[in-house]
Structures are given as structure tokens and as C-alpha cells.
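The values are calculated or read from the model by the stated rules, or taken from the named source; none is laboratory data. Note that the coordinates shown come from a computational prediction; the quantities given were computed from them, not determined experimentally. Using ideal geometry, Cβ is built from the backbone for each residue, glycine included, and neighbour counts are taken over all protein chains shown.
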Amino acid sequence: MDVAEPPALEASRALRLSGRLFLDVEHAIYIVLGIVLSLTAILALISTIGLFWDGAVHQGGGDTLLEIVDRLLFVLMLAEILHTVRVSISSGSLTSEPFLVVGLIASIRRVLVITLESARTTGQTATEHHAAFQAAMIELGVLGGLILVMVLSIYLLRRAAKEVKK
């Protein structure tokens, strides 16, 4: 005669199995995402090296420099996102600091692009130049505030983590 398991035990086993299945699917997604991010970062880095080489050979100007810096910061952002994926897989939880670092890099990247773009004012009338300058200054002000907030947030997160360890 077969003895049936109590319903509570069956439900508990089903929850454990479904939880394990979802965790395995989550890890598989993270692994595929990590592979795609790695390949994207490698391709972007190779492209940047090619651009750098062309700029060095043909004595590229400010536009080439702007594009190289922009691409390098993009690769750095991808590397930081990849780090976040790796940490998420190993720890099983998301932390906010890596996202703040990615946002910080993206903001600094945009500040550099705006600064280098604003240096090029050829072919603009005085009115166009003034409007572009005003828009750039507003965006730089907002980005500066955002950078300060993110740096302060990272500082506070690290300080709180130190206090928890004590």
C-alpha cells in the first residue's frame, strides 16, 4: 500500500523545485548576457584600436580624438556592466554601487563629448553659437550635479558597508 505525502510536503517540494529551476534559468540568462557583453566590448575595443591607428597614421584631429575617447569610455562602461553581471551571478543579489559607477562613467563620457563638441563652432552664426553654448552649459550643469550626487551616493554606500563590517 502506497503512502501519500502530506499536501504541505508536496507543496514545499514543488516550491523548492520551481525555485531551483528559475535560479538555473536566471544563471543561464546571466551567462549568455555576459558572453554577449564580452564580445561587444572586445569588438568595440578592436574598433577603437583601429580608429586610434588610423588617427595616428593620418594625424587625425580633434574629431578623431573625441571618437576615440568616446569609444574607450563606452568599453569601460561595458566592462563595468560585465563586472555587475559577474557579481550578480556569484552573490545572487544585485547591488546598487556598480550601477552608480556605470552612470558616473556615462555622465563623465557625456561631459567630455559636450566639451569637445563645443570647441568646434565653425560654420555657425553668432545666434546659433549662443544657443548651442547655452544648451551646452545647461546640460553640463545638470551633468555636474548628477555626477556629484552619484559620487556622494557611492561614498555613502561604501561608508555604510564599512560600518556594517565593524
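Scanning the range 37-45 finds no residues that are at pLDDT below 85, among the small types (Gly, Ala, Ser) and in the same structural domain as residue 82 (by TED's automatic domain parsing).
Residue by residue, here is whether (1) touching a helix residue (DSSP H, G or I) at 6+ places or on another chain (Cβ under 8 Å); (2) of a type in the set (A, V, I, L, M, F, W, C) holds:
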| site | (1), (2) |
| --- | --- |
| 95 | yes, no |
| 108 | yes, yes |
| 118 | yes, no |
| 142 | no, yes |
| 149 | no, yes |
| 155 | no, no |
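One residue stands out among those in the range 132-150 that are among the hydrophobic types (A, V, I, L, M, F, W, C) and surrounded by fewer than 13 Cβ atoms within 10 Å (Cβ to Cβ): the one that is modelled with the lowest pLDDT, which is 135. Against the condition surrounded by fewer than 13 Cβ atoms within 10 Å (Cβ to Cβ), under 20 Å from residue 105 (Cα atoms), more than 15 Å from the chain's Cα centre (by Cα) and not small (Gly, Ala, Ser), how does residue 68 come out, does it pass? It is false that residue 68 is surrounded by fewer than 13 Cβ atoms within 10 Å (Cβ to Cβ), under 20 Å from residue 105 (Cα atoms), more than 15 Å from the chain's Cα centre (by Cα) and not small (Gly, Ala, Ser). The number of residues in the range 51-65 being surrounded by 13 or more Cβ atoms within 10 Å (Cβ to Cβ) and aromatic (Phe, Trp, Tyr) comes to 1. In this entry, residue 149 is excluded by the filter for residues that are free of Cβ contacts under 8 Å to residues at least 24 places away in the same chain, assigned by TED's automatic domain parsing to the domain that holds residue 65 and not charged (D, E, K, R). Of all the residues in the range 118-131, those that are in a helix (DSSP H, G or I) and either modelled with pLDDT of 85 or more or exposed (fewer than 15 other Cβ atoms within 10 Å of the Cβ) (or both) number 6.
When the range 36-50 is limited to residues that are surrounded by 16 or more Cβ atoms within 10 Å (Cβ to Cβ) and hydrophobic (A, V, I, L, M, F, W, C), the one that is nearest to residue 24 (Cα to Cα) turns out to be 37. Here residue 115 does not qualify as in contact with a Pro (Cβ under 6 Å, 6 or more places away or on another chain), β-branched (Val, Ile, Thr) and without any contact (Cβ under 8 Å) to a residue 40 or more places away in the chain.
In the range 152-163 there is no residue matching the filter, namely being β-branched (Val, Ile, Thr), surrounded by fewer than 14 Cβ atoms within 10 Å (Cβ to Cβ) and assigned to a helix (DSSP H, G or I). Checking each residue in the range 82-117 for being of a type in the set (A, V, I, L, M), modelled with pLDDT of 85 or more and either over 16 Å from residue 146 (Cα atoms) or part of a loop (DSSP other than H, G, I, E, B) (or both) picks out only 82.
Conditions (1) surrounded by fewer than 12 Cβ atoms within 10 Å (Cβ to Cβ); (2) β-branched (Val, Ile, Thr), marked per residue:
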position: 12; (1), (2): no, no
position: 17; (1), (2): yes, no
position: 26; (1), (2): no, no
position: 78; (1), (2): no, no
position: 84; (1), (2): no, yes
position: 101; (1), (2): no, yes
position: 110; (1), (2): no, no
